[in-house]
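K.L.:
Please find one structure pasted underneath; my questions will follow.
The values are calculated or read from the model by the stated rules, or taken from the named source; none is laboratory data. Keep in mind that this is a model prediction, so the values were computed, not measured. Cβ placement follows ideal geometry from the backbone for every residue including glycine, while neighbour counts extend to all protein chains displayed. When the accessible area is computed, the model is the full protein with side chains, heavy atoms only, and any ligands, DNA or RNA have been set aside. Shrake-Rupley method; radii C 1.70, N 1.55, O 1.52, S 1.80 Å.
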Amino acid sequence: MKTVYMINGFLESGKTEFICFTLAQQYFQIRGKTLLIVCEEGENEYDPVLLQKTRTEIELIEKEEDFNPAYLTDLEKAHKPERIIIEYNGMWNYKNAKLPWYWKIEQQITTIDGSTFPMYYTNMRSLLAEMIRKSEMIIFNRCDTVRDQLNAYKRNIKAVNASADVIFEDANGEIDEIFEEDLPYDLEQETIVLDNNGYGIWYLDSMDHLERYIGKKLQFTAMVLKPDNFPEDYFVPGRMAMTCCADDMAFLGYACQYEGAAALVQKEWVKVTATVSKEYWEDYKGEGPILHAVSVEKTKAPKEAIISFS
């Protein structure tokens, strides 16, 4: 197997700077050559001294049709690298990218210019979604002038790739994100009532900040989901969400313990009042949010049944 590091992002999103920083780090100073495959040329160029010092050889692929397993294999045979870094062209649909069968992506990272993110998210959302869908890390740089938007940026990313680590950076380095004050509900209320927007934000925020909700009482309208493998007294109250486009839908919900769960009907609408705890759950492969229902009442479907993260 050949180890591959995939770096995604639109032009001038900081891919070159990130790769240069990585090559210069001590932890990346390992034996053998590195093949750097660049799929577009930006304003920043690679320093020949850095490339020589890190035993990195660079190849440029200018046409999307040339990014194919046969040509990539030829490049590998010519250079015989120990590892491969790919700076992928953001205007090429990542869904169409094909690597040689024995190349294994060790890590995939997407870089995003925070100052231009809204433009790309609005006008090129499908391309952006394909880049971030399988990325382990999303790095927003140049966030100095958009700090008040970072909460929304993170929600946009998490809606497409809930497991990705999202990092924000300004001119001074990484930003410690504290977004509790931006939540559209008051965490100090006796019962936190979640509307459409509030439910989506709570679902995503609880992935990273579950401690904010442990012991809190929530109330929301949800659809009933009863997975076959669930215990009799558990169900999943949740909402369908449009994460990036009409063809990309997901059901967002957490396991809920309720003594009357067996009598609930699949896909019926209910008003749930429940407290939040942190417990082990097999489907989570670890600890995560578990709801304990105080009450579950049948109700009408909401006017807007689908949540949108646009």
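K.L.:
Starting from residues that are open to solvent by less than 40 Å² (accessible area, probe 1.4 Å) and of a type in the set (Gly, Ala, Ser), keep the ones in region 114-152 and report whichever is farthest from the chain's Cα centre (by Cα).
P.N.:
So, considering only residues that are open to solvent by less than 40 Å² (accessible area, probe 1.4 Å) and of a type in the set (Gly, Ala, Ser), the one farthest from the chain's Cα centre (by Cα) is 114.
K.L.:
If you don't mind, another one. Which residue, of 192, 214, is more than 23 Å from residue 266 (Cα to Cα), touching a Leu at 6+ places or on another chain (Cβ under 7 Å) and at pLDDT 90 or above?
P.N.:
Sole residue among the options that is more than 23 Å from residue 266 (Cα to Cα), touching a Leu at 6+ places or on another chain (Cβ under 7 Å) and at pLDDT 90 or above: 192.
K.L.:
Can you confirm whether residue 73 is in contact (Cβ under 8 Å) with a residue 12 or more places away in the chain, more than 19 Å from residue 102 (Cβ to Cβ) and β-branched (Val, Ile, Thr)?
P.N.:
Answer is no for this residue.
K.L.:
Now for a separate question. Answer yes or no as to whether residue 274 is in contact (Cβ under 8 Å) with a residue 24 or more places away in the chain, assigned to a strand (DSSP E or B), closer than 30 Å to residue 129 by Cβ and not basic (Lys, Arg).
P.N.:
no
K.L.:
Which number in (1) within 20 Å of residue 203 (Cα to Cα); (2) in contact with a Phe, Trp or Tyr (Cβ under 6 Å, 6 or more places away or on another chain); (3) not aliphatic (A, V, I, L, M) marks the one condition that residue 111 misses?
P.N.:
For residue 111, the exception is condition (1).
K.L.:
What are the residues in region 154-173 that are in contact with a strand residue (DSSP E or B) (Cβ under 6 Å, 6 or more places away or on another chain) and either over 18 Å from residue 12 (Cα atoms) or among the small types (Gly, Ala, Ser) (or both), if any?
P.N.:
154, 157, 164, 165, 166
K.L.:
Another question about this same structure. Among the residues of region 153-174, which ones are small (Gly, Ala, Ser) and open to solvent by 30 Å² or more (accessible area, probe 1.4 Å)?
P.N.:
Matches in region 153-174: 162, 163, 171.
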